[in-house]
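Taking it in order: structure first as structure tokens, then the write-up.
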Amino acid sequence: MTSPVVIGPPPDAVPQGRTTGTRHLIARASTALTVLLAVTLAALAAVSLRWRYEHDLPLMLYASYLVGSLHWVPYRDYFDFNMPGTILAYRAIGWLSAYENLPIRLIDLSCLASIASATYLSLRSLGRKPALLAALIFPLQYLSLGPVYSLQREFVLLVPLAWGLFATLGASRQPVRLRSAIVGVAVGLCAGIKPHSALALPVLLGYLMLAPAPRTGRPPTRPERAWIAGLGLLGFALPVGGLMCWLWAIGAWQPFLDVLRHYLPLYASLTGWHKTIAGADRIHYLIAYGLCLGGSRWLIATGVVGLVSAVAGATIPDARQRAGVGLLACLTLAFAVYPITSGQFWVYQYLPFLLFGSALCSTLLAQNAGAASSVRSFVPVVLFSLYAATVLFGAQQPLRQSLAGQLPPPKDGRVDVMAGYLRGHVRPGDTVQPLDWTGGAVHAMLLTRSRLATPFWWDFCFYHHVSQPYIQGLRQRFMAAFLAAKPRFVIRVTGAHKPWPSGADTTREFAELDRALAADYVTDLTGNGFTILRRRE
């Protein structure tokens, strides 16, 4: 009978050729690093409870308010290009939090704890210390970004994706068919939020089809691989198909297809700075910014060295453990490509890349046990410590600002001023029209539960690709709704605080709207980067 292959943490026995003094020094250094990361993370998590949500999150939550409280149908009753999984995810966040800051912070930290737990359990086979460091270093990187990036869509999708990683890597003793189905469901949930996150599916299923089984030490047979692929795809189809059925049931299917076919291709052709580019210029842009990888130079260098030394240098002797390192490398590569698919390259789009890249870097701590000399065992610890030092340095500014109470209010106080005005002036039955996107007007409307006047809660879509019939149709639809609704208040964010598209076929003009505002509205309040207009009575 073949003895089972036991996958567990590296043995604590000191290999021949390694001095006891070096071993103790390595252990003390890595323990000190773990404690330092844990203390910094705990402090940053504690002070983050006082953060106020801002930027993109209020937009998602206002859509949640429209759906949950006003019973508007997405895509049909209000214009949106977010995926249906995003709408339902933030509907759940809005319902659980009642749109209050502290519950939202608790939800954010709970999601972070879930991701960290799945990361630890996934990497446990490489040893407790690498798994623990991986579970510490990504949460610290995430919180170091501050409140602007809290609960972004890429962060929310990491919750099912991290548990999909656990089903792939950490639950190796469970039936592989069950694991493949769980992986499919997890990635399907992610794709309901961001479709291109489905990049993870072939990577995770490929690992299940190729990695040696823990009991036999051999990869699955060809029929078993067919089962893995089929159940994985079936699991993926369940949440995606469920979302499509939901849209059909609420009468949003056709409006959703309309947005998917006509608006999303136009929006996807913009850069992260909202500029229209095409042809060779766009290809050059995608290559140039894609190679920057969000500026994560230390992560890239550390991860590459860790991968090469683990696989080529065989510093991790167990084949399944080396396969796990390879899986992390493939996921890191997949989510390095992920921002290129949208062409935006915003910071939060690199969150999956940071999760898997930091996990890959932490595998360096598993390699000192397999090194043949004291020098080779010490180098991985030093390299990972340098990477961790950059993470700790990045956490210092938000930690100091939060401890000192120096974090500015959302949009430098603009949101509070607009919300204060609305609380004092909006009467029952009044409607409000924001002429804004991320400048804070929608946030103020959420805080005051103000009712939207038209189907358009942001106006960015009116100013790019203006020669396209679809955009012209959106303008006409907006003006018809605006003139019919006759909103009592209009909040107009201006100047540098308003994101404007630029490049060919863009404009900052909307003559029909300007005429309507000049004829029927007066300026009631002017603030820092905004004006509030009141309808003449």
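The values are calculated or read from the model by the stated rules, or taken from the named source; none is laboratory data. For clarity, every value in this text was computed on a predicted model and none was experimentally measured. Don't worry about glycine lacking a Cβ; one is built from the backbone with ideal geometry, like all the others, and counts go over all protein chains shown. Just the protein is used for accessible areas: all its heavy atoms, side chains included, with ligands, DNA and RNA removed. Shrake-Rupley method; radii C 1.70, N 1.55, O 1.52, S 1.80 Å.
Details
- Residues that are open to solvent by 40 Å² or more (accessible area, probe 1.4 Å), assigned to a loop (DSSP other than H, G, I, E, B) and either at pLDDT 95 or above or under 30 Å from MET479 (Cα atoms) (or both), drawn from segment 73-102: ARG76, ASP77
- Residues in segment 500-524 that are open to solvent by 50 Å² or more (accessible area, probe 1.4 Å) and touching a helix residue (DSSP H, G or I) at 6+ places or on another chain (Cβ under 7 Å): GLU512 only.
- Odd one out for PRO160 among (1) closer than 21 Å to GLY206 by Cα; (2) open to solvent by 30 Å² or more (accessible area, probe 1.4 Å): (2)
- Among the residues making up segment 408-439, those that are open to solvent by less than 60 Å² (accessible area, probe 1.4 Å) and over 18 Å from PRO487 (Cβ atoms) are PRO409, PRO410, LYS411, GLY413, ARG414, VAL415, GLY420, THR438.
- Pick from segment 444-461, criterion open to solvent by less than 10 Å² (accessible area, probe 1.4 Å) and in a helix (DSSP H, G or I), ranking: farthest from ALA516 (Cα to Cα): LEU446
- Residues that are touching a Ser or Thr at 6+ places or on another chain (Cβ under 7 Å) and touching a residue at least 60 places away in the same chain (Cβ under 8 Å), drawn from segment 417-431: LEU422, VAL426
- Some residue of segment 172-185 being in a helix (DSSP H, G or I), in contact with a helix residue (DSSP H, G or I) (Cβ under 7 Å, 6 or more places away or on another chain) and without any contact (Cβ under 8 Å) to a residue 24 or more places away in the chain: no
- Residues that are open to solvent by less than 10 Å² (accessible area, probe 1.4 Å) and touching a Lys or Arg at 6+ places or on another chain (Cβ under 9 Å), drawn from segment 319-347: TYR338, GLY343
- Of everything listed in (1) in contact with a Ser or Thr (Cβ under 7 Å, 6 or more places away or on another chain); (2) part of a helix (DSSP H, G or I); (3) among the aliphatic types (A, V, I, L, M), the single unmet condition for ALA484 is (1).
- Subset of segment 195-219 [in contact (Cβ under 8 Å) with a residue 40 or more places away in the chain and in contact with a helix residue (DSSP H, G or I) (Cβ under 6 Å, 6 or more places away or on another chain)]: HIS196, SER197, LEU199, ALA200, VAL203, LEU204, TYR207, LEU208, ALA211, PRO212
- Residue satisfying condition, being more than 23 Å from VAL381 (Cα to Cα), more than 17 Å from the chain's Cα centre (by Cα) and assigned to a helix (DSSP H, G or I), within set PHE155, PHE166: PHE166
Here's the yes/no breakdown for (1) modelled with pLDDT of 95 or more; (2) closer than 24 Å to ALA278 by Cα; (3) in contact with a Ser or Thr (Cβ under 8 Å, 6 or more places away or on another chain):
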site	(1), (2), (3)
HIS497	no, no, no
SER502	no, yes, yes
THR507	no, yes, no
PHE510	no, no, no
